[in-house]
Amino acid sequence: MISYCFKSITFESNKILMPDVLISGGTGLIGAHLSRYLVEKGYDVIVLTRKKNDTFTNPKIRFSYWNVEKKIIDTDVVNKADHIIHLAGAGVMDKKWTAGYKKTILESRTKSAELIIASLKQNEHSLKTFVSASAIGWYGADSKPLIRQEGFIESDAPADNFLGETCKLWEASVEPLTAPGVRLVKLRTGIVLCSNGGAFKEYKAPLRFGIAAILGSGKQIVSWVHIEDLCRMYCEAIENNSLKGSYNAVAPEPVSQKTLILKLGQKLKRKFFTPIYVPGFFLRLIFGKRSIEILKSATVSNQKIKEAGFTFLYPSIEAAIDELVGHQ
């Protein structure tokens, strides 16, 4: 049964009280889109921010200062939230994976979760749902041949590598949230395709010069999701009371990196582009250990979220590219 994101409304002394959604990481690529999407659905959104003077032009989006290192958080906004979405975390591909930055990647996710949960445990609250981001970095690379045709599923063990361990500890950091009546949902997100940032922006960049950059062999499978479908999935996690536990947030049709790039080139340049293979050794030279993720093939199944009733607006890479290019 499909659950639609219509908001519940409570009447108190002739005043309409709208459920509050508190978002950590609400100023990032996903968080900014999600904040706007939830407001359009009628939610009041509060974004936890490290900048004291942050403001939104939208009156339905407010900021609340927090500082994870100093353990500063407004317990009032936490405990009044009906739903919390935990997106906070340093960008995995933003910097070289030094020992210090790997620690930042992990602790920006786990320590921030611990601070929010500590506030909930120490005070009375009205929380109904806690939705935590995770990532398909939980899984390793595809085996040859695939063990299952549909790819990795949620019950598969985490990979024995940096991102696998990070995702394992990330998800474990929210498990202490065991309050009665609170649902915990974790979305293991694939490569997010968005017109104004992230991987899609990087894929498009060489095409401005008529070059379709195919990374490595191009055969590696990319498990992706359109930003709008991802926002809808977070909304579904809030509204659909049957959702609980981990779900893969990926589109139904993973594609090879070569297929993605060529279809994007055809949409942007028709036939006026040249495919160029970027050798794996060059990517390893430029990106170091991060190149493992660029060259990794990961076929991830979304059967579980589909069986829960979720439908995709952009199930194919053609549909996603058509919509994203239309925003240019």
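For this structure, a couple of remarks:
- Flag for LYS271 being charged (D, E, K, R) and either in contact with a Lys or Arg (Cβ under 7 Å, 6 or more places away or on another chain) or in contact (Cβ under 8 Å) with a residue 40 or more places away in the chain (or both): no
- Residues in region 281-302 that are surrounded by fewer than 16 Cβ atoms within 10 Å (Cβ to Cβ) and in contact (Cβ under 8 Å) with a residue 40 or more places away in the chain: 2 in all.
- ILE85 under 22 Å from the mean Cα position of the chain (by Cα), at pLDDT 95 or above, hydrophobic (A, V, I, L, M, F, W, C) and over 21 Å from GLY288 (Cβ atoms): yes
- Within region 271-284, being part of a helix (DSSP H, G or I) and either touching a helix residue (DSSP H, G or I) at 6+ places or on another chain (Cβ under 7 Å) or under 20 Å from VAL225 (Cα atoms) (or both) holds for GLY280, LEU283, ARG284.
- Residues satisfying the stated conditions in region 300-319, i.e. hydroxyl-bearing (Ser, Thr, Tyr) and farther than 22 Å from CYS194 by Cβ: SER301
- Test: residue in region 59-73 that is over 15 Å from CYS231 (Cβ atoms), at pLDDT below 90 and touching a helix residue (DSSP H, G or I) at 6+ places or on another chain (Cβ under 6 Å): yes
- Filtered residues of region 85-100 (kept if free of Cβ contacts under 8 Å to residues at least 60 places away in the same chain and either surrounded by 15 or more Cβ atoms within 10 Å (Cβ to Cβ) or of a type in the set (A, V, I, L, M, F, W, C) (or both)): ALA90, ALA99
- Set side by side, the residues GLU150, GLU171 differ, and just one is in contact with a Ser or Thr (Cβ under 6 Å, 6 or more places away or on another chain) and within 23 Å of GLY28 (Cα to Cα), which is GLU171.
- Top-ranked residue in region 303-318 [being touching a helix residue (DSSP H, G or I) at 6+ places or on another chain (Cβ under 8 Å) and in a helix (DSSP H, G or I); ranked as surrounded by the most Cβ atoms within 10 Å (Cβ to Cβ)]: ILE305
- Per-region count, region 227-270, residues in contact with a strand residue (DSSP E or B) (Cβ under 7 Å, 6 or more places away or on another chain), small (Gly, Ala, Ser) and outside any strand (DSSP E or B): 3
- Per the conditions (1) out of contact with any strand residue (DSSP E or B) (no Cβ under 6 Å at 6 or more places or on another chain); (2) among the β-branched types (Val, Ile, Thr); (3) buried (at least 20 other Cβ atoms within 10 Å of the Cβ), the sole criterion not satisfied by THR104 is (3).
- Filtered residue count, region 189-220, keeping only those that are surrounded by fewer than 17 Cβ atoms within 10 Å (Cβ to Cβ) and closer than 23 Å to SER143 by Cα: 2
- In region 244-265, the residues that are in contact with a helix residue (DSSP H, G or I) (Cβ under 8 Å, 6 or more places away or on another chain) and within 14 Å of SER316 (Cβ to Cβ): VAL250, ALA251, PRO252, GLU253, VAL255, THR259, LEU260, LYS263, LEU264
- The criterion of being over 18 Å from TRP170 (Cβ atoms), free of Cβ contacts under 8 Å to residues at least 12 places away in the same chain and not aromatic (Phe, Trp, Tyr) does not hold for ASP82.
Results for (1) in contact with a Gly (Cβ under 7 Å, 6 or more places away or on another chain); (2) in a loop (DSSP other than H, G, I, E, B); (3) modelled with pLDDT of 95 or more, shown as yes or no for each residue.
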site	(1), (2), (3)
SER126	no, yes, no
GLY137	yes, no, yes
ARG148	no, yes, no
CYS167	yes, no, yes
TRP170	no, no, yes
ARG188	no, no, yes
LYS201	no, no, no
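- Flag if LEU193 is touching a Phe, Trp or Tyr at 6+ places or on another chain (Cβ under 7 Å), closer than 23 Å to LEU127 by Cβ and in contact (Cβ under 8 Å) with a residue 40 or more places away in the chain: no
The values are calculated or read from the model by the stated rules, or taken from the named source; none is laboratory data. Here the structure is a predicted model, which means the values were calculated and not measured. Don't worry about glycine lacking a Cβ; one is built from the backbone with ideal geometry, like all the others, and counts go over all protein chains shown.
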